[in-house]
Amino acid sequence: MVFLSVGFSLSAQFPGGGGKGVPNMGHIYGKLIDSAGRPISEATVLLLHNKYDSVTKKSKQVLLKGLTTNAKGEFSFEDLPIYGALKLKISATGYKPAEQSVLFQMKMPAGGVPKNVTDPAQAVNTMSSTINGFDKDLGNIKLSVDVANLQTVTVTASKSTLKMDIDKKVYNVEKDLVNAGGTAMDVMKNVPSVNVDIDGNLTLRNSPPLLYVDGRPTTLTLDQIPADAIESVEIITNPSAKFDASGGGAGIVNIVLKKNRKTGYNGNVRAGVDSRGALNGGINFNLRQDKFNFTANGFYNQNRSVTTGSVFRDNFTDTPSTIYQTQTEKNHGAFGFGSLGLDYFVTNRTTFSLTGIHVHGDMKPVQDLDITNSTYYPSGTETIYSNRTVNTNREFNANGLQFAFKHLFPREGENITADANYFAGMNDNSALTVSNYLTGQPGSSIGSVQQQKITGNGTNKFLTIQTDYVHPFNAKTKLEAGLRMNTQHLVSNTYTYYDTSGNNNFYLVPQASTNYTNTNNVYAAYVSFTSAIKDFGYQAGLRAESSNYTGELINEKMNFSNSYPISLFPSLFLSQKLQNKQEIQLSYTRRINRPNFFQLIPFTNYSDSLNITRGNPNLLPEFTNSFELSYLKTFTGNNTFLASAYYKRTNDLITRYLDTFTNAISGKPDFVNTWVNANYSQTVGAEFTGVNTITNWFDVTTNINIYNSYINITNINTTSQPALWSWFGKINANFKLPWKLKLQVTGFYQSKSNLPVNSGAGTQGGGPGGNAGVQSASQGYIASFWAVDAAISKSFLKNDAASISVSMADIFRSRWTDQFSESQYFSQQYDRIRDPQLVKVNFTYRFGKLDVSVFKRKNMNSSGTQDAMQGAQ
């Protein structure tokens, strides 16, 4: 009889609690809400159950299933074991974690099943009250807002999470709509506090910061890192003694790549196209089981950008002249990015990790320039019209390998880490420049042709070895210490050939060819002590660094070397917690920026006739002292306000400078870009960042930086650029719309500002030669400009597994780079715009399960998923 077998099976299992004959028929469901009754979506809900461990002879909790709540805050678990206690664990960013026990209770009919029942259907109906006991509605589960300590506050918005520490801000950018299908350049355009110019040069508070990837220096540029690989961006405006002292006073921007450690497997695939036909696609995959965690990422991005611009320049030499250029650059190319990672959890306290990265790119930019060159002689004006085309091919390959070790001691907070990071980039490049000189006005016939061909290659290798140790004395006091070694080896070869007849009769020009190699080594040690007295906290640190470099100009048979003695870099952070969720902090740090080999070699490079460069062997390191006063206020409803006032002074500032000299090839007066030590520079400013959740469907992040910058360069008999007050603002608004639509609008405004120091803009292919770009931080300014980007996305399929987004960059075609430079030798105006109103369409599909063992064969018999859960932890 059916009812007899069912009844026997049920009664046989519950007493022992471990039988194999009971089908998994339990079902629980519920809904998460906040204190106002609004649903909480994208919360993590884990279901655990007790399992007997044959090794320890004890019962332990293991993961049974897991999911995230949908847009309505709902969750549902089916096919659950009906015996034994289950535990629900709930976590959501910005809310306190919650736990709830679940126990299925069987309610037999009074007196049991009547003995005269022989029909199976009637037996099942009689048992309905028992079966209904396996279906449990947990109702609405209310989560409380997590009033985090004032040191670290987490704010959740619909599209990005901002974690604010007084001395560091972490922006979770992996869900930003406007970044889909782009690169790190697109990411940085939407991160508060930082700015990105048209060439991808990054500035933080108007100075270039150090760029890190996963906490280590990198040879990658922003346009070589896909946006879909980035999880978060860390902005460290005033790094403590724990961080590298090199890099000047601009701070650190650290890009953290995605890495998942959820049990089971999960990932996503995506593909997209922009309005110029450039394709992009990628895949993320993560697999976690027992003691292993495996991650794999792959991306492919095409580039079909278009840049237009113009330059007008007056040269105040003995024979005055003017140059007017219009430029169009089309860049066709692509790059691929891949990474593989493996974590091995030796014990609960010890982990080994190994990650490999490979990047390959092939770019083929083509420039077309129309040039009008007028020279003013006493006898009259001579005007030459010409057209120039530049076909460039740049190929790069980069490989990285990172090994990491971490051990946690029994004492809470005590740990030791060690890692080694190796990164090597290789490049090959060639460029053919054809200059057609016309017989008359534009449109006339070609009178003569000159050609220049450049071939080159090089390598850039980094090796960093570091170890850190943290020893807590109590809950408020700890000691940190560490050692670090970094070495960089650079090889560069460039060969320049001229053809003055236009008949492809090229000859090598030694003055315009360079072959050099150099090695830089930096050794460092630090110690940091952190403690607190009631609501007053302090951190004092000291870092010691020494460095040396060696280099050789192979073709000139010249050797260079220098050793910098040990320098000390103190840091001090003081914080005071106030009433009503407020905190104030004062910090001080000292940092250094050492001149690199390229800035030091006294060799004149003629490979680009519009950007002749020469190093300065007399350059000194620059030292920066930084002070910052910050105030943090946390309001109810996930609203946060951070205000900072800062002052930086750099002595012996290293800055670009345009000088005059006699060109050894032409024998005529010309300009040369070089480097000098200015007396000093100083910046004073205030920055304000606010994160506001206006409603459950609208939030906004606002950032404003007001600053005054000044460079004193009177030591080289040049008038200093006047001090200038400027301001920079960003706003990022997110909207949750009906029908699972999400809208993101971002905008920024940069007022007139002095050129950023040490940016190197204009020397990386930015415009028609370096002289057409940034001249010197002490000799010019950038006109005001602004831009607005927007994106909208739609989620669909079960559990919103798929989404499609459409974005447009620079909607109003307003992101013009308009620069003005001047000195006693020249006056120049320069403007460009890149990829305005570019539209991108991207599709993403997410997959994965948290409750599946992929290393064991599933047993699909009556025990359901129990055998499949063996070893899932």
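The values are calculated or read from the model by the stated rules, or taken from the named source; none is laboratory data. What you see is a predicted model; the values in this text were computed from it and never measured. Note: ideal-geometry Cβ built from the backbone for every residue, glycine included; neighbour counts use all protein chains shown. Areas reflect the complete protein model, heavy atoms only, side chains present, ligands, DNA and RNA absent. Shrake-Rupley method; radii C 1.70, N 1.55, O 1.52, S 1.80 Å.
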So which of LYS169/LYS577; LYS168/LYS406; LYS169/LYS633; LYS89/LYS633 end up more than 26 Å apart, counting from Cα to Cα? LYS89/LYS633
Which loop trypsin sites (Lys or Arg not before Pro) in the stretch 451-544, with loop taken from DSSP, have no more than 11 other Cβ atoms within 10 angstrom of their Cβ? LYS534
Once fully extended, how much extra length lies between LYS752 and THR372, figured as 0.36 nm per residue of separation less the alpha-carbon to alpha-carbon distance? 133.9 nm
Extension reserve of the SER379-THR695 stretch, reckoned as 0.36 nm per residue once the Cα distance is removed: 106.4 nm
R0 = 25 Å: FRET efficiency of LEU572 with HIS407, Cβ-based, nearest 0.05? 0.25
Label-point separation in nm, TYR507 to LYS364, each point 7 Å along Cα→Cβ: 3.2 nm
How much of GLU99 can a 1.4 Å solvent probe reach, expressed as accessible area in Å² and rounded to 10? 110 Å²
List the residues whose amide H sits under 5 Å from the amide H of GLY537, counting only those 5 or more places along or on another chain, with H placed 1.01 Å from N in the peptide plane. SER575, GLN576, LYS577
According to the Cα gyration tensor, what semi-axes, each the square root of 5 times an eigenvalue, does the equivalent ellipsoid of the stretch 499-646 have, listed from largest to smallest in whole Å? 51, 22, 11
Amide N of the stretch 499-540 lying under 13 Å from the label point, which is placed 7 angstrom from the Cα of TYR564 along Cα→Cβ: 520-524
Hey, what do the phi angles of the stretch 482-490 turn into as Karplus ³J(HN,Hα) couplings, whole Hz, using 6.51/-1.76/1.60 and θ = phi - 60°, x for Gly and Pro? x, 10, 8, 10, 9, 10, 10, 10, 10
For the stretch 243-356, the convex hull over Cα atoms projects on average to an area in nm² of 13.5 nm²
Could you check the spin-label model distance between ASP535 and SER35? Points 7 Å from the Cα along Cα→Cβ, value in nm. 2.0 nm
Let me make sure I get this right: for the stretch 469-572, a, b and c are the square roots of the gyration tensor eigenvalues over alpha carbons, sorted descending. Under 1.5 in a/c it's rounded, otherwise prolate if a/b > b/c, else oblate. Which is it? prolate
Classify the stretch 425-500 as rounded, prolate or oblate from the Cα gyration tensor: take a ≥ b ≥ c as the square roots of its eigenvalues, call it rounded if a/c is under 1.5, otherwise prolate when a/b beats b/c and oblate if not. prolate
Could you calculate the contour length gain from TRP725 to THR459, that is, 0.36 nm times the residue separation minus the distance between their Cα atoms, to one decimal place in nm? 91.6 nm
Set LYS31/LYS798; LYS330/LYS668; LYS736/LYS840 screened for pairs whose C-alpha atoms are more than 29 Å apart: LYS330/LYS668
Between the stretch 433-476 and the stretch 670-711, what's the alpha-carbon centroid distance in Å? 26 Å
Spin-label pair ASN639/VAL62, simplified geometry with 7 Å Cα→Cβ offset, distance in nm: 4.9 nm
For the stretch 489-516 and the stretch 570-590, compute the distance between their C-alpha centroids and round to whole Å. 56 Å
For ASP214, the residues 5 or more places away or on another chain with a placed amide H closer than 5 Å to its own amide H are ILE255, VAL256, LEU257
How big is the accessible area of HIS358 in square angstrom, nearest 10, if you roll a 1.4 angstrom probe over the protein chains? 80 Å²
